[in-house]
Every structure is written in C-alpha cells, then in structure tokens.
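Read the structure below first, then the notes.
The values are calculated or read from the model by the stated rules, or taken from the named source; none is laboratory data. In this text, all values refer to a predicted model and were calculated from it rather than measured experimentally. Every residue, glycine as well, gets a Cβ built from its backbone with ideal geometry; the counts of neighbours run over all protein chains shown.
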Amino acid sequence: MLTTAYLQAHGPAAEFYDNSILFLSYTPLELLSADRRVALANDMAVAALVGDNVYNFGEVIEHPIMDCLEGTPRAWLRQMLTAFHLGKIDMFNMIVADNRDAWDEVWCGARGALKLSVLMWDTHRLPCCTMTSSSKR
C-alpha cells in the first residue's frame with residue numbers, strides 16, 4: 001500500500017497502475033472503505049489510460065473495484081477503458097462527447113494509447129499469413 005500511495009503521488013502512472021493491481025490481488029475490497037474503493041478505482045482507471053506501456057485494459061475492466069464507479073460522476077471511465085480495450089473509435093468518440101470536461105483532464109496521455117490499441121486490434125484481425133498493416137488509417 002505504501003508503494004502504491006507513493007507512486008500515486010509521484011508517478012509514473014503505469015507503475016501506480018501495476019502496483020494497484022498487485023495490491024488488489026492480495027487485499028479484499030471489504031477491507032477498504034467505500035470512499036477509498038471509489039478513489040482507487042478512479043485513480044487506477046486514469047493511470048491505465050495515461051500510463052506509458054499500458055495497453056491491456058482487460059484486467060482492470062474486469063476487476064470488481066471498477067463496480068465502485070457505477071453511479072458516480074466518473075462511471076464513464078470504465079466505458080472508456082472498454083473502448084480502448086476493444087479499439088472502438090466510435091464508442092470512444094461518443095464517451096468523449098458525453099464527458100468532454102472530465103475527459104479533457106486525462107486526454108493528453110491517453111491519445112497515444114488509443115492509437116496503439118486500434119493498431120493492435122487491426123493487426124489482430126488480419127489473417128496470420130498477412131500480418132502487416134498500414135499506418136495510414
């Protein structure tokens with residue numbers, strides 16, 4: 001918990017994200033207060049979006065802590081993680097349009113992750129004998 005708190009305050013975001021996932025693998029959610037669960041879910045989602053080299057969002061999307069965001073002003077973060085995970089540009093654009101002010105807070109670091117996620121999904125959809133892709137998309 002101490003490492004997670006330090007990384008949350010001082011970064012980098014990807015290390016905070018990794019340490020939070022590790023922390024939650026050993027800590028039952030019931031031991032955290034409701035406010036702490038919401039704050040941690042929010043911070044993990046933002047760290048996943050802006051962290052360098054964080055491209056697989058499935059682990060955080062499926063973690064029960066993300067349920068804590070439901071009914072809060074940051075509920076859209078889980079939807080955004082899903083859009084990134086699936087490489088769905090239309091879903092991404094719709095979420096951004098609906099949450100413009102909140103999104104502007106996290107946008108600067110997330111744009112590169114989205115582009116790479118889309119490229120990974122495009123490449124994944126190609127037949128294995130043609131694993132080349134154009135970056136002119």
Verdict on M94 being among the aliphatic types (A, V, I, L, M), buried (at least 17 other Cβ atoms within 10 Å of the Cβ) and either in a helix (DSSP H, G or I) or without any contact (Cβ under 8 Å) to a residue 12 or more places away in the chain (or both): no
Scan the stretch 73-82 and give yes if some residue there is within 22 Å of T27 (Cα to Cα), over 11 Å from the mean Cα position of the chain (by Cα), modelled with pLDDT of 85 or more and surrounded by fewer than 18 Cβ atoms within 10 Å (Cβ to Cβ), otherwise no. no
Under the condition of being part of a loop (DSSP other than H, G, I, E, B) and among the β-branched types (V, I, T), which residue from the stretch 39-72 is surrounded by the most Cβ atoms within 10 Å (Cβ to Cβ)? V54
